[in-house]
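Below: the structure, in structure tokens.
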């Protein structure tokens, strides 16, 4: 799936470059008001907040917060309505995977060879794989007229593609039991929401070249609904900081 998506993105880029070259388009009034399309790549810094479970099941007893970095990419199309307003759509392969960990005292004790009970402290760690295919609409406002500096905002809906986890727990106290590990638990995340809703704001700048625009931008995305629809994680949300670069070509 990933290989096919990457191939399609590069194919669309080559088609756009070839079309623009054939038409002899230059960045200017005609290119700005023409429908434009292209691809984008970037880095997604995810922040898992709220009741993020160390074990995604009703047996969970511990929570933590964490963040992670993932690669994202996609295609987009847009149209300038005026020199100050642009509307567009994006199709994004979103990754929000991450590792959440923490050290916790267990709600039970274990006894040594003499029968003395000891508190048990373990390091818990869980790797979450969360991947979405997101479709979103956005708008850009150019305070000084475009192309150039812009402020962006939009909303998107993501369809869940993959939702796995792998959990481990290692004893760090008492000293005589250090290193003992519980059996690893892994599988799909139960009760996960199949749809993710989000809103984003951002800031960017258009750099033009002969046949199109190169537009780096930074966006902050707010997760609007929970990752899991279950009592043990009823406030788990993911927010993202995204640094992306758009490569956009006029479509004659």
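Readers should treat all values here as calculations from the given coordinates under stated rules, not as data from a laboratory. Worth saying up front: this structure is predicted, and the values here are computed from it rather than measured. Cβ sites come from the backbone with ideal geometry, for glycine too, and all protein chains shown count toward neighbours.
Annotations
- Averaging the sequence gap over all C-alpha pairs within less than 8 Å and six or more residues apart, then dividing by the number of residues, gives the chain a relative contact order of 23 percent.
- Distance between region 59-81 and region 126-193 - C-alpha centres, whole angstrom: 6
- Crossing angle, helix 2-23 versus the chain [Cα axis fit, 0-90 degrees, rounded to tens]: 10
- Compactness relative to 2.2 N^0.38 Å, alpha carbon Rg of region 36-144: 1.74
- Using only the C-alpha atoms, the convex hull of the chain corresponds to 124 Å³ per residue.
- Ellipticity estimate at 222 nm from DSSP helix runs (n ≥ 4, -39,500 (n - 2.57)) divided over the chain, nearest 500: -3500 deg cm²/dmol
- Taking 0.36 nm per residue of separation and subtracting the Cα-Cα distance, full extension of the segment from residue 118 to residue 151 would add 6.1 nm.
- Pairwise label distance in nanometres, residue 177 with residue 33, each label 7 Å out on the Cα-Cβ vector: 7.5
- Within region 165-198, backbone nitrogen closer than 18 Å to the virtual label 7 Å beyond the Cα of residue 229 toward Cβ: 189-198
- Region 85-122-region 214-231 distance, computed between alpha-carbon centres (Å): 21
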